[in-house]
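Only one structure is covered here, and it is reproduced in the block below.
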Amino acid sequence: MADALKIGIAGLGTVGASLFRILGERHNMLAVACGRDIRVTAVSARNRSADRGVDITATAWFDNAVTMAAEADIDVFVELMGGAGDPAYTAVKTALNRGLHVVTANKALLAKHGVELAALAEEKGVILNFEAAVAGGIPVIKALRESLTGNTVSRVYGIMNGTCNYILTRMEKEGLSFEACLKEAQRLGYAEADPAFDIEGNDTAHKLSILTTLAFGTKIAADDIYLEGITNISLEDILAARDLGYRIKLLGVAQKTASGIEQRVHPTMVPQDSVIAQVDGVTNAVAIESDVLGELLMVGPGAGGNATASAVMGDIADIAKSRPGSQLVPSLGRPATMLDAYIRGEMQSHEGGYFIRLTVEDRAGVFASIATRMAENAISLESIVQRPQAATQGDDRKTIILVTHATTESSVRKAVDTIETEGYLIGKPQVIRIERPKAA
Ligand code: NAP
């Protein structure tokens, strides 16, 4: 049997403590699968005396993760602290520079420094693995990086934030407001005390930027993502969508278009009978469309200590199975020096169907005016319906819902901007893009 693989874990929170426990419990099973022992020989966190539900007394302790990366007797540095900055960034660089393999679950770090870190890993001839950074336990990184090699990917999209999906699911199933569902998610521990990063879409954007790179072979462009969160989605939108045969999901979508690559994160209407529409609660899903395979959809737990630790354990096992001198799989699917420049597909030229909700004064000519504005912009309508008013809204107004056939973002924006100047709108118009799975 080869020598034991020595692991140092920096960060013993939800994921780190689960990983420590699971690696201990499954020691024998892993040794058989990998042909060598896997032993945690060093750990680091902020508070040495915190009760983490695991016994770390026989493991070397480091107050400082960077010192652990520089000095500990380890082969693999596992970064589970989080954050794009220090100590995670310096600790990972220190470990790679020292010739250690690195495993991380840190999407923020990769979104910001992923190309630099992948290049450093390649230069040093070590592995940088990060399966847990996107969609938790779902093996989407491996699918894109390894299993789909030779396929040309045209679109990758998914539900990658459990908090948002939980809120949208509860709004629809229980008829509750956004605010009530957010409070519930916080009470259950799904949402942070400051949930902005989740509900404004930034968390999904970080994950999407990593998938884009793996799918299209371009440099990570996390700052070049069209971003809309779910805070503007009302119960009225969700119920109207349901009546029209759709569900609303926060999707991250990366798609090859004639002008470049669209990267966008926004609330999206998906057909009710599509598989992704059935993905409820904190569950995640990622779909990959490619030319040889067709459509692949993976659904599973996107977060939580065990699910995330499972992905980290798989990454560690891959390192344990690798042999010195063997060819390493490039972290980002192709060598970092061979990644193409990212060329942004203009959002204005995005093509697709749209849901438009307008609350208008109940007077003659409004319906006709809306239809005219749509026609002027060559927007063809799949349906235009008037929704019954809630009793609290009064009978001096009505809600009109339009669903368009495929058109462009710029046409819809122009039509809606003109409608906004006409004087009969009450409140802001709501515009939600429709995304159709390939098979739908
Ligand atoms: P967490 O529960 O907040 O734990 C973070 C750990 O890092 C704690 O043990 C903390 O130490 C330690 N830490 C924080 N700052 C530190 C510093 N400056 N120096 C040394 N140690 C420090 O976080 P988590 O939920 O386990 O997440 C860890 C990583 O996994 C993040 O990158 C996250 O994005 C990613 N991830 C998490 C999940 C999930 O479901 N939780 C899913 C996918 C990916 P103390 O305990 O002493 O405070």
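The values are calculated or read from the model by the stated rules, or taken from the named source; none is laboratory data. This is a predicted model, so every value here is computed, not measured. Neighbour counts run over all protein chains shown; Cβ positions are idealised from the backbone, glycine included. Protein only, heavy atoms only, side chains kept; ligands, DNA and RNA dropped before computing areas. Shrake-Rupley method; radii C 1.70, N 1.55, O 1.52, S 1.80 Å.
Details
- Relative counts (whole %) of C-alpha pair distances in the chain, using bins that are 10 Å wide: 4, 20, 28, 23, 13, 7, 4, 1, 0
- Highest to lowest packing among 272-279, 7-14, 401-408, scored as the average C-beta count within 10 Å: 7-14, 401-408, 272-279
- At 1.567 mPa s and 4 °C, Stokes D of the range 301-440 from Kirkwood alpha-carbon radius, µm² per second: 66
- Cβ-based net charge around residue 415, under 13 Å, with every Lys or Arg adding one and every Asp or Glu removing one: -2
- Surface composition of the range 354-434: carbon plus sulfur atoms hold 50% of the accessible area, using a 1.4 angstrom probe and ignoring ligands, DNA and RNA.
- All aspartates and glutamates inside 20 Å of residue 173 as judged from Cα atoms, apart from same-chain residues fewer than 8 positions distant: 184, 236, 237, 243, 273, 280
- Two-site FRET efficiency, residue 47 against residue 184, from Cβ-Cβ distance with R₀ of 30 Å, rounded to 0.05: 0.50
- Per residue value of the accessible surface for the range 49-137 (all protein chains in place, 1.4 Å probe), Å²: 38
- Within the accessible area of the range 216-286 (1.4 Å probe), percent carbon and sulfur: 46
- Hits among lysines - C-alpha to C-alpha of residue 112 under 19 Å, sequence gap 8 or more where chains match: 93, 207, 219
- Counting protein heavy atoms only, the range 1-146 has 48 percent of its accessible area on carbon and sulfur, 1.4 angstrom probe.
- Among 250, 30, 100: highest mean-square fluctuation, GNM of the chain, C-alpha pairs under 10 Å: 30
- Per residue, the average separation of C-alpha pairs within less than 8 Å and at least 6 apart gives the chain a relative contact order of 16 percent.
- Helical content of the chain, expressed as a calculated mean residue ellipticity at 222 nm, amounts to -10000 deg cm²/dmol (DSSP H runs of 4 or more residues, -39,500 (n - 2.57) each, divided by residue number, nearest 500).
- Of all DSSP beta bridges in the range 141-301, antiparallel share, percent nearest 5: 95
- For the range 354-434, the Stokes-Einstein estimate of translational diffusion at 10 °C and a viscosity of 1.306 mPa s comes to 124 µm²/s, using the Kirkwood hydrodynamic radius over alpha-carbon pairs.
- Cα-based shape type of the range 31-145, given that a ≥ b ≥ c are square roots of the gyration tensor eigenvalues and the cut on a/c is 1.5: rounded
- Averaging 1/r over each pair of different alpha-carbon atoms in the range 267-375 and inverting the result gives 20.1 Å, the Kirkwood hydrodynamic radius.
- Euclidean distance of C-alpha centroids, the range 226-269 and the range 36-98, integer Å: 39
- Solvent-accessible surface of the range 354-434, averaged per residue with a 1.4 angstrom probe and all protein chains in place: 46 square angstrom.
- Candidates 332, 96, 23, ranked by Gaussian network fluctuation over the chain, Cα under 10 Å, top entry: 23
- Heavy-atom accessible surface of the range 143-219, averaged per residue, reaches 37 Å², computed with a 1.4 Å probe.
- Peptide packing: for 419-425, 73-79, 120-126, 46-52, the average count of neighbouring Cβ atoms within 10 Å per residue gives the ranking 73-79, 120-126, 419-425, 46-52, highest mean first.
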